[in-house]
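Everything below concerns the one structure shown next.
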Amino acid sequence: MKNTENTENTIEATIINDISLGSVYVMTHSFFSDVVKIGCTTEDPQAYAKTLSAKTIGEYSIAFSLQCSNPCKVQKQIKDYLNAQEYVKGFYQVSPDMAKKLLKRETLKIPSLNSF
């Protein structure tokens, strides 16, 4: 069983590292005012939020997103920085504004394409 987990983690890491163009997003949920979800996707972040909302109670919305090179690398750098503030896996107890500032700071190191 342990070998299967290691293989799955390796495959997931390879997929994440292979994404060269996409978006990093800061997402909020209607039930949590002080928690954000930070992630990366190759999809349109707005469409991704709608897809997640359809699968759960409440609504996800994009507080900020940035299209950039190596979006999962940017996401990982932000998550490493926020590790102490992790609320639940992938969710962090920080304001959307703070997450946005961190995202902009990290993308200064990696060229971005645009933001909205």
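Summary table below
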| read-out | value |
| --- | --- |
| Odd one out for S61, checked against (1) part of a strand (DSSP E or B); (2) at pLDDT 90 or above; (3) crowded, with 20+ Cβ neighbours inside 10 Å | (3) |
| Scan of the stretch 24-45 for residues that are polar (S, T, N, Q) and either surrounded by 15 or more Cβ atoms within 10 Å (Cβ to Cβ) or in contact with a Pro (Cβ under 7 Å, 6 or more places away or on another chain) (or both), ordered by number | T28, T41 |
| Yes/no for A54 being surrounded by 19 or more Cβ atoms within 10 Å (Cβ to Cβ), among the hydrophobic types (A, V, I, L, M, F, W, C), modelled with pLDDT of 90 or more and part of a helix (DSSP H, G or I) | no |
| Condition broken by Q67, with the remaining ones in (1) modelled with pLDDT under 90; (2) part of a helix (DSSP H, G or I) satisfied | (2) |
| The stretch 69-87, subset in contact (Cβ under 8 Å) with a residue 40 or more places away in the chain and under 12 Å from V35 (Cβ atoms), residue surrounded by the most Cβ atoms within 10 Å (Cβ to Cβ) | L82 |
| Residue list for the stretch 45-68, restricted to those being among the hydroxyl-bearing types (S, T, Y) and either closer than 16 Å to S33 by Cβ or touching a helix residue (DSSP H, G or I) at 6+ places or on another chain (Cβ under 9 Å) (or both) | Y60, S61, S65 |
| Complete set of residues in the stretch 36-51 that are of a type in the set (A, V, I, L, M, F, W, C) and over 13 Å from the mean Cα position of the chain (by Cα) | A47 |
| Residue tally, condition under 20 Å from M98 (Cβ atoms), touching a helix residue (DSSP H, G or I) at 6+ places or on another chain (Cβ under 9 Å) and among the aliphatic types (A, V, I, L, M), over the stretch 18-44 | 5 |
| Test for Y87: is it at pLDDT below 90, in a helix (DSSP H, G or I) and of a type in the set (F, W, Y) | no |
| Residues within the stretch 17-46 that are in a strand (DSSP E or B) and of a type in the set (S, T, Y), tallied | 5 |
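The values are calculated or read from the model by the stated rules, or taken from the named source; none is laboratory data. As the structure is a prediction and not an experimental result, all values here were calculated from the model. Counting neighbours? That spans all protein chains shown, and the Cβs are built from the backbone with ideal geometry, glycine included.
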